[in-house]
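All of the numbers you see were taken from the coordinates with simple rules; none came from a lab. Worth saying up front: this structure is predicted, and the values here are computed from it rather than measured. Counting neighbours? That spans all protein chains shown, and the Cβs are built from the backbone with ideal geometry, glycine included.
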Amino acid sequence: MRSQSPPLGAGVGDNRYHFRMLPRIPKWLLLPLFTAWTAACSLVAPHFERPILTVVGIELVGGNLLQQNFLVKFNVQNPNDRALPVTGLHAELNVLGKRVASGIVDRAFVVPAQGSSQFDMTISANLALVLFNLKASADQRSDIDYELTGVASIDLPFLREVPFRQRGIFHNPLK
């Protein structure tokens with residue numbers, strides 16, 4: 001048996017929805033409609049406050065004259081109403097404008113909504129360099145500026161990285 005194919009032209013006019021039946025939108029109305037649509041999307045997007053990262057404790061775990069390894073315990077406070085899934089973190093400590101320590105956390109953890117979580121990071125430092133720079137500084141200040149900077153990798157659809165920066169002052173131990 002031969003299969004019967006539809007006659008030529010069949011099916012072309014059978015569609016009951018035509019592009020011509022769609023309402024036409026004047027070109028002058030496209031920009032205001034797009035602006036209103038974008039504004040509505042921004043109202044639906046969740047408000048996100050930066051988490052607060054603080055150092056809770058530092059413990060020397062080993063090293064030598066040129067490099068020391070510290071186990072630094074951090075506390076992350078999440079002021080948001082949704083959990084914060086952290087997939088990794090990188091941090092650097094700068095003293096007198098020079099990098100003296102850095103560390104990476106590759107272990108994932110979740111900071112609960114309106115809560116806090118603690119994690120450990122091994123940081124490699126060169127304290128001999130810091131002491132040398134303090135001794136060699138011309139002004140011999142009694143207070144030393146430091147800056148802790150870094151980036152937390154987050155597993156959320158609209159937020160992939162949260163940079164953080166904490167500045168402070170500590171007393172010069174050589175003064």
>> Can you give me the distance in nm between label points at residue 38 and residue 54, each placed 7 Å from the Cα along the Cα-to-Cβ direction?
In response: 4.0 nm
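With r as the distance between the Cβ atoms of residue 132 and residue 73 and R0 = 25 Å, compute the FRET efficiency 1/(1 + (r/R0)^6) and round to 0.05. Please report the intermediate quantities before stating the final value.
Details: r = 28 Å, r/R0 = 1.10.
Once rounded, the FRET efficiency stands at 0.35.
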>> With the cut-off at 1.5 for a/c, could you classify region 83-165 from its C-alpha gyration tensor as rounded, prolate or oblate?
In response: prolate
> How would you rank 124, 117, 142, going from fewest to most other Cβ atoms within 10 Å of each one's own Cβ?
Replying inline: 142, 124, 117
> With contacts defined as alpha carbon pairs under 8 Å and 6 or more residues apart, what's the relative contact order of region 62-175 in percent?
Replying inline: 30 percent
>> Can you sort 65, 93, 159 from fewest to most other Cβ atoms within 10 Å of each residue's own Cβ?
In response: 65, 159, 93
>> Assuming 0.36 nm per residue, please report the length gained on full extension of the stretch residue 109 to residue 166 beyond their Cα-Cα distance.
In response: 18.4 nm
> Under 5 Å between amide H atoms, partner at least 5 residues away or on a different chain: which partners does residue 96 have, H built in plane at 1.01 Å?
Replying inline: 145
